[in-house]
1. Report yes if Pro74 is open to solvent by 40 Å² or more (accessible area, probe 1.4 Å) and touching a Leu at 6+ places or on another chain (Cβ under 9 Å), otherwise no.
2. Is it the case, given these coordinates, that Ala69 is of a type in the set (A, V, I, L, M, F, W, C), open to solvent by less than 30 Å² (accessible area, probe 1.4 Å) and within 24 Å of Ala104 (Cα to Cα)?
3. In the list Arg13, Arg55, Arg49, Arg38, which residue meets the criterion of being within 16 Å of the chain's Cα centre (by Cα), among the basic types (Lys, Arg), open to solvent by 40 Å² or more (accessible area, probe 1.4 Å) and more than 23 Å from Pro105 (Cβ to Cβ)?
4. Given the condition of a type in the set (Val, Ile, Thr) and over 17 Å from Ala116 (Cα atoms), answer yes or no: does some residue in region 75-89 qualify?
5. Within region 77-116, track down each residue that is farther than 26 Å from Val29 by Cα and open to solvent by less than 40 Å² (accessible area, probe 1.4 Å).
6. Condition test on Val34, is it out of contact with any Gly (no Cβ under 6 Å at 6 or more places or on another chain) and touching a residue at least 12 places away in the same chain (Cβ under 8 Å)?
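The values are calculated or read from the model by the stated rules, or taken from the named source; none is laboratory data. Because the structure is a prediction, the values reported are computed rather than measured. When we count neighbours, we look across all protein chains shown, and the Cβ atoms used for this are built from the backbone with ideal geometry, even at glycine. Surface areas here come from the heavy atoms of the whole protein model, side chains and all, with no ligands, DNA or RNA. Shrake-Rupley method; radii C 1.70, N 1.55, O 1.52, S 1.80 Å.
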Amino acid sequence: MKRLGDGLMAVFRDASSATEAAFDARDRVALVNVDDHRPQLRTGIHLGRPRRVGRDYLGVDVNIAARLAESAHPDEILVSDHTLRALDPGSVSATRRRFQARGAPADLVAHAVRRA
C-alpha cells in the first residue's frame, strides 16, 4: 500500500491473507544476510474498516495495526483479538500478550501468532 520510512502498510481483504503474507515475509527476510546483519520484521495486524481517502487508508484501525507493529518483538507477528477470532483456529497458535498503546482502545487484546 505505502512505505513508511523503514516500514510499510499493506491492505488485505481478510485476516487469513494478511497473516499468511506476514508469515511468508518473515520467513523470506530471515534468509537475508548482509555483512553479518540479518534484518528482522515486527508485524502488527488488525482487522477493521479503515477509511479510504484516495490511495491511502486512515483511521483508528490503521493506528491499531501500527501500534501492534511497534509493540511486536523482532520477528514477531502481533494480531488483535478481533483478527485472531477471524482466523481458522487450526491455522495458528497464539499467545496472549499484554498490550497498551496511546491511540489504541484500552481493552485491546494482542496475541503473538505462529503457524500451527
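1. On the way: open to solvent by 40 Å² or more (accessible area, probe 1.4 Å): yes; touching a Leu at 6+ places or on another chain (Cβ under 9 Å): yes.
Criteria met by Pro74.
2. Answer is yes for this residue.
3. Result: Arg13 is the single residue among Arg13, Arg55, Arg49, Arg38 that is within 16 Å of the chain's Cα centre (by Cα), among the basic types (Lys, Arg), open to solvent by 40 Å² or more (accessible area, probe 1.4 Å) and more than 23 Å from Pro105 (Cβ to Cβ).
4. Scanning region 75-89 turns up no residue that is of a type in the set (Val, Ile, Thr) and over 17 Å from Ala116 (Cα atoms).
5. Within region 77-116, Ala101, Ala104, Leu108, Val109 meet the criteria.
6. In short, no.
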